[in-house]
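K.L.:
The structure that follows is given in the form of structure tokens.
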Amino acid sequence: MAMPAHTERSPTDGGAGGPAQAGTARETDDAARAAALAQLARPYGLLFWVAVAAVIATLVRIAFFTPIEASQGPAQKIFYIHVPAAVTALYLAFALMAVASVLYLWLRDPKLDRVASTSAEVGLAFTTVVLVTGPLWAKPVWGTWWSGDARLTSTLFLWLIILGYLILRQAVDDRAQRARYSAVLAILAGLLIPFIHLSVYLFRTLHPRPIVLKPSAPSLPPEMLTTLLMSFASFALLFVALLLARYRLATIADEGLADGGAAARGA
């Protein structure tokens, strides 16, 4: 009777779950952790430095190549920082935050939650610029640091809501619950955006009405309008660069790649 041939299996030819597959999985994890650590070391890419250069070029144009407004004097040049920062915060950052939050409640995709949270963080920074430059512009023009009118107060209220949104995200440990609560608060905050825009029409206020974002044509001389549009573009580019950098870091944190890499180095 013929004896069945005995076939030896090489350790490198293991089946599913064998040493070869396990080694490949470890190599994949190590590569992901290495990439995450490299991203942590250099969170800002080329786009960020291009945006920084664009903002610097805009500031140079504001200071040296834009005419001084006749009635307000040099203080009016704060306008070219204050207004683009407000537009970036309200109509880019917080609008994106609200839309991503609505989509998260519908699709339950964690990526949308990360988009909302990172957009809120970047938007909070731009809103801080708005709240700092506003009084600096108001004092020489209105004679007061803070008039307490509807637009200023509602913008401060929105800033506080976003700050509370970010605190809420740190206070809730369960990811799904945190994302749901945060999405609801983000949507409520987004409802303030049209109110803030229309507040100068709804209430008596010292704050000037829009001169660019209005139904009629912008009421600025060509040199000033060019500077303002350049500022809009550079601030928007900076927003995108910061958003992408912060999103990458949030992804690393959510997936635990950085901690895994640190543990692997310490082993």
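The values are calculated or read from the model by the stated rules, or taken from the named source; none is laboratory data. These numbers come from a predicted model, not from an experiment. Please note: Cβ atoms are built from the backbone with ideal geometry, for glycine as well, and neighbour counts cover all protein chains shown. SASA here: full protein model, heavy atoms, side chains in, ligands and nucleic acids out. Shrake-Rupley method; radii C 1.70, N 1.55, O 1.52, S 1.80 Å.
K.L.:
Under the condition of being at pLDDT below 95, open to solvent by 40 Å² or more (accessible area, probe 1.4 Å) and of a type in the set (Gly, Ala, Ser), which residue from the range 215-249 is nearest to Phe79 (Cα to Cα)?
P.N.:
That would be Ser219.
K.L.:
Separate question: Tally time: how many residues in the range 55-86 are open to solvent by less than 30 Å² (accessible area, probe 1.4 Å), closer than 23 Å to Thr128 by Cβ and of a type outside the set (Ser, Thr, Tyr)?
P.N.:
Here the count works out to 9.
K.L.:
From the list Leu90, Leu131, exactly one residue is among the aliphatic types (A, V, I, L, M), without any contact (Cβ under 8 Å) to a residue 40 or more places away in the chain and on the phi < 0 side of the Ramachandran plot. Which is it?
P.N.:
On inspection, the qualifying residue turns out to be Leu131.
K.L.:
Select from the range 119-129 the residues that are of a type in the set (S, T, N, Q) and open to solvent by less than 50 Å² (accessible area, probe 1.4 Å) and list them in ascending order.
P.N.:
Ser119, Thr127
K.L.:
For the range 130-148, which positions are part of a helix (DSSP H, G or I) and either among the small types (Gly, Ala, Ser) or open to solvent by 60 Å² or more (accessible area, probe 1.4 Å) (or both)?
P.N.:
Matches in the range 130-148: Val132, Gly134, Leu136, Ala138, Lys139, Pro140, Trp142.
K.L.:
While we're here: Please list, ordered by residue number, the helices (runs of 4 or more DSSP H) wholly in the range 1-93 having 3 or more residues that are modelled with pLDDT under 60.
P.N.:
19-41
K.L.:
Residues to consider are Arg151, Arg169, Arg114; find the one that is more than 19 Å from the chain's Cα centre (by Cα) and either open to solvent by less than 20 Å² (accessible area, probe 1.4 Å) or in contact (Cβ under 8 Å) with a residue 24 or more places away in the chain (or both).
P.N.:
Matching residue, one of Arg151, Arg169, Arg114: Arg151.
K.L.:
Name the single residue, out of those in the range 157-214 being among the hydrophobic types (A, V, I, L, M, F, W, C), closer than 29 Å to Trp137 by Cα and in a loop (DSSP other than H, G, I, E, B), that is modelled with the lowest pLDDT.
P.N.:
Among them, the one singled out is Leu213.
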